[in-house]
Ligand SMILES: Nc1ncnc2c1ncn2[C@@H]1O[C@H](COP(=O)(O)OP(=O)(O)O)[C@@H](O)[C@H]1O
Ligand SMILES: [Mg+2]
């Protein structure tokens with residue numbers, strides 16, 4: 001089970017993404033990015049964070065530690081922002097926390113180079129979980145102490161929104177043309193060879209055990225949390241076997257960030273007027 005803490009102070013909202021996560025301090029003196037059960041996207045987003053975060057870390061990727069956070073909405077009473085007030089009011093009880101990485105920077109492909117082996121691991125992992133939220137427009141990658149960290153796995157595993165067509169979901173190809181790490185020649189073949197054999201039933205069973213029961217009860221079409229956990233294991237296990245052959249890292253269609261404006265290229269290339 002994930003460790004459990006209690007929020008003692010709401011510090012500030014993070015307005016970059018869409019779900020309005022907030023920074024909170026907890027009774028273990030830790031600072032966390034809190035993802036709220038009352039947010040528009042609902043508890044499925046939090047389940048996805050748990051499954052992908054715990055799985056990614058086991059595969060050797062850097063994902064901040066996750067905790068369960070108990071929230072008494074009373075800590076938000078002095079919050080002047082109406083939207084934040086509403087969110088806290090709607091999120092009493094169990095929420096998800098991610099260790100806050102102080103001083104981390106948003107990943108910028110012009111300022112931080114990633115090796116093709118590491119890029120391959122991240123792209124293969126994103127293909128496995130069907131992550132549609134790691135594009136160059138919105139990388140959901142942080143650089144902290146000179147290393148790449150993965151955040152925001154809420155928009156993954158689209159199949160868990162309906163649980164229909166699971167065979168097709170397990171076989172669905174992954175287009176990584178827009179992926180934030182596509183410019184770094186991701187070696188997906190090497191990643192598949194290294195990572196696919198590590199996705200075993202035992203490993204996945206361990207991972208899904210960390211999903212709080214509260215977020216799995218009353219799932220339509222399932223006979224309780226154990227059956228839902230089993231479904232996550234089955235799709236991911238099947239997907240892991242073949243997804244490596246179904247990743248496209250083609251030419252990016254739109255204008256990507258590597259096309260720096262001229263005034264910036266002066267600094268990047270170190271020669272004026274290019
Ligand atoms: N663990 C963390 N440490 C530091 N900053 C974070 C962390 N998690 C998220 N952030 C910051 O908060 C922003 C929003 O968080 P994110 O998980 O991407 O939520 P959203 O669903 O709103 O996109 C991120 O883009 C990043 O700048
Ligand atoms: Mg985000």
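What follows draws every value from the coordinates through simple rules; no lab data is involved. In this text, all values refer to a predicted model and were calculated from it rather than measured experimentally. FYI the Cβ positions are ideal-geometry reconstructions off the backbone, even for glycines, and counts take in every protein chain you see.
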Shape descriptor, the range 106-248: equivalent ellipsoid semi-axes (Cα gyration tensor, sqrt 5λ, whole Å, largest first) stand at 28, 17, 14
Fewest Cβ neighbours within 10 Å first, please rank 157, 34 accordingly. 157, 34
Sorted by Cβ density within 10 Å, fewest first, the residues 62, 198, 229: 198, 62, 229
Rank by packing, highest mean first: peptides 22-31, 47-56, 164-173, with packing defined as the count of other Cβ atoms within 10 Å averaged across residues. 47-56, 22-31, 164-173
Relative contact order for the range 4-103: what is it in percent, counting Cα pairs under 8 Å that are at least 6 residues apart? 32
Could you work out the relative contact order of the chain? I mean the mean sequence separation of Cα pairs under 8 Å and 6+ apart, divided by the number of residues, in percent. 19
Work out Dmax and Rg for the range 1-73 from the C-alpha atoms and quote the Rg first, both in angstrom. 12.4, 36
Over the range 60-104, what is the relative contact order in whole percent, taking alpha-carbon pairs under 8 Å and six or more residues apart? 54
Under a 10 Å cutoff between Cα atoms, tell me which one of 39, 227, 191 has the largest fluctuation in the Gaussian network model of the chain. 227
Rounded to two decimals, the Debye log10 I(q)/I(0) of the chain (Cα scatterers, no solvent) at q = 0.07, 0.09, 0.16 Å⁻¹ is -0.27, -0.45, -1.27
Could you please tell me the mean projected area of the C-alpha convex hull for the range 1-159, averaged over all directions and given in square nanometres to one decimal? 9.5
I need 124, 136 ordered by Cβ neighbour count within 10 Å, fewest first. 136, 124
Would you calculate a helix-derived [θ] at 222 nm for the chain, using -39,500 (n - 2.57) for each DSSP H run of n ≥ 4 and dividing by the full residue count, to the nearest 500? -9500 deg cm²/dmol
Based on alpha-carbon centroids, what's the gap between the range 21-87 and the range 114-174 in Å, whole number please? 19
